[in-house]
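Report on the structure given below.
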Amino acid sequence: MTVKEINILIAGVGGQGAITTSSILARAAMERGMNVITAETHGMAQRGGSVEVHVRMGDVYAPLIPLGSATFVVSLEAVEALRYAAYMTEKTAIILNSKTIRPRAGYPDFEEILKRLEGVAGEITVVNATTIAEKVAVPQATNVVMTGMLAKKMERFGFELQNFEDALREIFPDKLRDINLRALKAGYGAME
Amino acid sequence: MLSDLIKEEGEVFLLGNEAIARGALEAGLDLISAYPGTPSSEIADSLAKACPLLRGKMDYYMEYSTNEKVAFETAIGASLAGKRAMCTMKHVGVNVAADSLFSFAYVGARGGFVVVSADDPSMHSSQNEQDNRWYGKAANLPVLEPSSVNEAKELSKLSFEISEKFGLPVIFRTYTRLSHSSGIVKLGKIPEKRIEKVKWERKPETDVVLPAHARKLKPELQKKLERIKNYFSEFSFNWIEEGDGDTGVIACGLSYAYVKEAISNLVSCNSDFDKPPVLKLSSMYPIPEQLITKFVSGLERVVVVEEVDPFIELHTRALLDIPVLGKMDGYLPMNYEFSIPVVEEGLARVFKTETSKDYNLIRRRAEEIASIAPPRPPVLCPGCPHTATFFAIRKAGGEVFPSDIGCYTLGINKPLEAVDTTICMGASAGVSNGLSYFIDGKIVATIGDSTFFHSGMAPLTNAVYNNLNYTLVIMDNSTTGMTGHQPHPGTGKNPCGNARKVNIEDVVRGMGVEFVEVVNSYNVRKLIDVLKKAIEYEGVSVVISRHPCAILWTRERRKKGRITTFYVTEECNVCMECINSFTCPAITFNERVEIDSQLCVGCAVCSSICPQKAIKPLKVIK
Ligand SMILES: Cc1ncc(C[n+]2csc(CCOP(=O)(O)OP(=O)(O)O)c2C)c(N)n1
C-alpha cells in the first residue's frame, strides 16, 4: 500500500511529552521506509505554554502541515485541540485526552469544546488517556498511551503496532522501556 | 538524539541543528565556539555533549564563549592556526560579532571558518526579524542557506571546504523552521583525528589590518568574491527544474520546500495550470548571475520566493531586464515566516489562478473556534528566584526599571511589572547610564548573570567612571536559563574541558563599584533591606541576588529525595498578597487560596511573605 501523505498534529502543554511522541512516530515511519519530517515549537512556549508538534510522513518537503490538511490531531490536553482548528478538515480524525489542565484564565465547558471540534473534524475519539496511563504505568506516560491509540488508527495506512514498539525501544533508555511499552499497548487496546 | 548524532553510518533522524553539528563533525571540526541563543543553541549543545564521547576518535575543542564576538574571535584564532572552526549564534548575535566579521573578511580564512547565523522569521523567540544575508553583502562574504535537514548536514560539511578553497569565512544561514525541524539524514563518515599543536606563522601583511594593508586587501577580497560567484553558478546545491510557461520561480532555501508543495497543490486543483520552471537556490550571496541568467532565458518574468527581506529579489531586479515579482509589489508578504498556504496564495496571485483551499476562510473559522481557548502565556516557573527578586525590588521602592533579555524579561507581567525597557543584551545597564542623567526616580535595573558576562560589564564600568547613580541587580541563577541552561563564566563549568569560576562580586568590585552586596534570592526580607540601602546609596550600587534556577535546583533535589511542598492553612484571610503582589503558577485562587502540590517546588518564598503566616510546609501536618 502506498500512502502519499500523512499529517499528524500533536497538541499539548509544555512538559506533556509532545516532542517525544513525535520522535516515536517519526521512527515508526522510518521503520516502514517512509520519508518523515517533524517540526517542534521551542523557546518562549516551553514552560506551561501551549506546544504543537507537526509530523509529516510520505511525499512531503515542508515541516509544517498546510492549513486544512491534518490527517490526525492528537490532543494531549482537551482545550489545546481548539487552537489548531485551522489544520482540520472533515477528513481529520482527532484523538482527544479528556484530562484538562486549567490555566488561570479559566476554562470552557467540555461539551462546548467537543461541539466546536465536531463542527470541523470528521471524527473525534475522546478518552481519558491519563487515567489509563495511571493504571498501567505512570501519568507521565499519557503521551505514549495516546501514541498507542494512534497506532491502532494508523493500521489503515499499513502501520503495525510492531513499528511503534520498535521505535519506542530506540528512544527510551532501558529502565523506562517496559513501562512505556505497557502504556503503548494499553492505548492500542483501548481503541479495539 | 545524541546517539544518532555520533552514529558511524546509516540513516538517522536528526534535528536541523543536530544535522548542522553532524556536518561539522564529518568535516573534521577542530573547534566549536558559541554563545547560546534560540534557535541556534542545539548546534553547540549537541557538540558539547558529543565532545567527551568522541574523545580519542575525533578530537575537537568546544567552548561556550562569553559572547558572540568572543566566540567569533576564538574561531578566528583557530582558523589562523590552520584549523577548522565553527562558531554559532542567533541572528542578533551576529550584530555583536559584526566588528570582527567585517575585518576578518579582509584577512581571510586559513583553516575552514563557518559562522552559523540562526535567523528567526516570525520572531518566535527574538526581539527582531533581521535578515542576516545582508551581512554577506555588506561584508563581502559568501552566504549559504539549506532547504532541508539533510541538506543542512551536507552544506554544513561543504562550508568548510568552500571556506578553505576561497580563503573566506562562510556565513551559514539557518532559521527557526529548519533548525527546529527534524528529518532523515544520510550519514557520512566522521574522520579519525587528533589535534596537534602547530607553529605560528607570522603574516602581518594580511593579518594586521593596518590601513595600508586594508587598502590592498579590499580588492583581493573582491576578487575572491568574483571567483566564488562563478563557483555558485555551477554549485550542486543550486539547480534548475524544468517546467512549462513563461514565468519562472526562484525558490530560496527552505522556501524551495514551500514552492514544491504549493505548486503540486495548484496543479492538483487547476487543470489549466502547468508546473512552472523552478530555480532552487542555496547560495544567497554572491548572486550566481550566470545561473540566473541561464534560468530566465526564454522566460518573460520570474517570481522570487524567499523569507524575510526581498534580498534575492532586489539583486535579481538589478540583474535582469524582465519583470521580477515577489515581496516588493505585494505578491508575497514582506513579514513573517512562510508556509505552504502563504506561498500557494502568492503563486496563485502571480499565475492568476485559484488556491487548492480557501485558506482565508479556514483561518477565519479557526480563529472563531479557538476564541474560547484560554491563553497560556509563558510565566516564571514555580520557585523561580527572579519572582522573589522582582517582588523585593517593588517592595524596596524601585521606580524605574530598565531590564534586559532572559527569563526575567517575564517580570514585565502583572503583578510584578518591574521591567520597563528591554532593548538587547546588556542594555539594562547601558540604558540606565543615560536615564540616570535625566530621570527623577529611583532606577533599579535588572540583568541576568549570563547577560552580565555577555555585555553588562562595559556599561557598568561606564557608570563607575562617569559617577552615575543607579542600582543594578544581577539576577544570578547560576545558568543561562532562557536558552536551555548553558554554563557561563560564573558557573565554573564547561562540558568539554577544564573551566574556572569567575566570581561576579570580584568582577564588580574590581571595576570599582563600592556598594556590592550578595543576597540569597529566597531571603526576601534581607533582599528588601539590602535593596533599600542600595537605592539610597549615592552612586552606582550592585546587588547580586543569587539562587540557582528553580528547574536545576528542583532536579537536583528530586535526585536526592522528596521535596517538601507547602499548603495554605485555615489562618488564611484571603488578603491576596501572595497572588496580587507576589505570584506563582502553583498558587491558585478559587474562593480560597490554594497551592497545587504538583507544581510547588518548596521554595518557601510565599510562606515568608504571607502576612498571616498562613502558608506552611506540608510535612508539619504529618
Ligand atoms: C546578542 C544575543 N545573544 C543571545 C541572545 C539569546 N538570549 C536571550 S536571553 C539570553 C541569556 C539569558 O541568560 P541570563 O542572563 O543568565 O538570564 P536567565 O534566562 O537565566 O534568567 C540569551 C543567551 C540574545 N537575545 N541576544
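Annotations
- Members of segment B:498-546 found to be open to solvent by less than 20 Å² (accessible area, probe 1.4 Å) and not aliphatic (A, V, I, L, M), listed by number: B:Ser521, B:Gly539, B:Ser541, B:Ser545
- Residue ID - farthest from the other protein chains (Cβ to nearest Cβ), chosen from residues in segment A:72-115 that are among the aliphatic types (A, V, I, L, M) and in a helix (DSSP H, G or I): A:Leu114
- Residue in segment B:159-169 that is away from chain A (no Cβ under 14 Å), closer than 23 Å to B:Leu54 by Cβ and loosely packed, with under 14 Cβ neighbours inside 10 Å present: yes
- Among (1) part of a strand (DSSP E or B); (2) within 16 Å of the ligand (Cβ to nearest atom), the one test that B:Thr451 misses: (1)
- Counted residues, segment B:204-249 - those being among the polar types (S, T, N, Q) and free of Cβ contacts under 8 Å to residues at least 40 places away in the same chain: 1
- Scanning segment A:116-147 for residues that are more than 10 Å from every other protein chain (Cβ to nearest Cβ) and free of Cβ contacts under 8 Å to residues at least 12 places away in the same chain returns A:Glu118, A:Glu134.
- Looking only at residues of segment B:353-410 that are polar (S, T, N, Q) and over 24 Å from A:Gly14 (Cβ atoms), we find that the one that is farthest from the ligand (Cβ to nearest atom) is B:Thr353.
One line per residue, one yes/no per condition, for (1) in contact with an Asp or Glu (Cβ under 7 Å, 6 or more places away or on another chain); (2) loosely packed, with under 14 Cβ neighbours inside 10 Å; (3) closer than 19 Å to B:Pro385 by Cβ:
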| residue | (1), (2), (3) |
| --- | --- |
| B:Glu571 | no, yes, no |
| B:Cys578 | no, no, yes |
| B:Ser581 | no, no, yes |
| B:Pro585 | no, no, yes |
| B:Arg592 | no, yes, no |
| B:Leu599 | no, no, yes |
| B:Gly602 | no, no, yes |
| B:Ser607 | no, no, yes |
| B:Lys616 | no, no, no |
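- Close pairs from segment A:86-105: first modelled with pLDDT under 95, partner polar (S, T, N, Q), Cβ under 9 Å, at least 6 apart: A:Lys99/A:Asn128; A:Lys99/A:Thr130; A:Lys99/A:Thr131; A:Lys99/A:Thr142; A:Ile101/A:Gln16; A:Arg102/B:Thr588; A:Arg104/B:Thr588
- Count of segment A:53-71 residues which are of a type outside the set (A, V, I, L, M), crowded, with 23+ Cβ neighbours inside 10 Å and more than 10 Å from chain B (Cβ to nearest Cβ): 1
- When B:Leu187, B:Leu254, B:Leu279 are screened for being touching a Ser or Thr at 6+ places or on another chain (Cβ under 6 Å) and closer than 27 Å to A:Pro63 by Cα, only B:Leu254 passes.
- Residue match in segment B:41-53 (condition: away from the ligand (no atom under 16 Å from the Cβ), closer than 18 Å to B:Lys153 by Cβ, among the polar types (S, T, N, Q) and in a helix (DSSP H, G or I)): yes
- Which numbered condition A:Met149 fails, given (1) open to solvent by 50 Å² or more (accessible area, probe 1.4 Å); (2) assigned to a helix (DSSP H, G or I); (3) touching a helix residue (DSSP H, G or I) at 6+ places or on another chain (Cβ under 6 Å): (1)
- Only one of B:Leu225, B:Leu178, B:Leu217 that is within 30 Å of A:Leu25 (Cα to Cα) and part of a helix (DSSP H, G or I): B:Leu178
- Looking only at segment B:229-283, and only at residues there that are within 12 Å of another protein chain (Cβ to nearest Cβ) and aromatic (Phe, Trp, Tyr), the one that is farthest from B:Leu158 (Cα to Cα): B:Tyr258
- Segment B:350-384, residues that are touching a strand residue (DSSP E or B) at 6+ places or on another chain (Cβ under 9 Å), open to solvent by 30 Å² or more (accessible area, probe 1.4 Å) and more than 8 Å from chain A (Cβ to nearest Cβ): B:Phe351
- From the list B:Ile171, B:Ile195, the one residue that fits, being in the same structural domain as B:Ile20 (by TED's automatic domain parsing), within 19 Å of B:Ile43 (Cβ to Cβ) and among the aliphatic types (A, V, I, L, M), is B:Ile171.
- Selection count where residues are open to solvent by 20 Å² or more (accessible area, probe 1.4 Å) and within 13 Å of the ligand (Cβ to nearest atom), scope segment B:458-490: 7
- Residue that is of a type in the set (A, V, I, L, M, F, W, C), within 15 Å of the ligand (Cβ to nearest atom), in contact with a strand residue (DSSP E or B) (Cβ under 7 Å, 6 or more places away or on another chain) and more than 14 Å from chain A (Cβ to nearest Cβ), where the choices are B:Ile535, B:Ile504: B:Ile504
- The set of residues in segment B:417-449 being among the charged types (D, E, K, R), open to solvent by 10 Å² or more (accessible area, probe 1.4 Å) and under 28 Å from B:Glu68 (Cβ atoms) consists of B:Asp420 alone.
- Counted residues, segment B:497-549 - those being more than 13 Å from B:Thr389 (Cα to Cα), under 30 Å from the mean Cα position of the chain (by Cα) and small (Gly, Ala, Ser): 2
- Yes/no for A:Glu118 being under 15 Å from A:Ala78 (Cβ atoms) and among the acidic types (Asp, Glu): yes
Yes/no per residue for (1) in contact (Cβ under 8 Å) with a residue 24 or more places away in the chain; (2) away from the ligand (no atom under 16 Å from the Cβ); (3) in contact with a helix residue (DSSP H, G or I) (Cβ under 7 Å, 6 or more places away or on another chain):
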| site | (1), (2), (3) |
| --- | --- |
| B:Tyr60 | yes, yes, yes |
| B:Asn67 | yes, no, yes |
| B:Gly77 | no, yes, no |
| B:Thr88 | yes, no, yes |
| B:Ala97 | yes, no, yes |
| B:Val107 | yes, yes, yes |
| B:Gly111 | yes, yes, yes |
| B:Ser125 | yes, no, yes |
| B:Asn132 | yes, no, yes |
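- Among residues of segment B:55-88, those that are surrounded by 19 or more Cβ atoms within 10 Å (Cβ to Cβ) and within 19 Å of B:Leu25 (Cβ to Cβ), counted: 16
The values are calculated or read from the model by the stated rules, or taken from the named source; none is laboratory data. Nothing here was measured: the structure is a model prediction, and the numbers come from that model. Glycine gets a Cβ as well: all are built from the backbone with ideal geometry, and neighbour counts include every protein chain shown. What goes into the accessible areas is simple: the full protein's heavy atoms, side chains included, and nothing from ligands, DNA or RNA. Shrake-Rupley method; radii C 1.70, N 1.55, O 1.52, S 1.80 Å.
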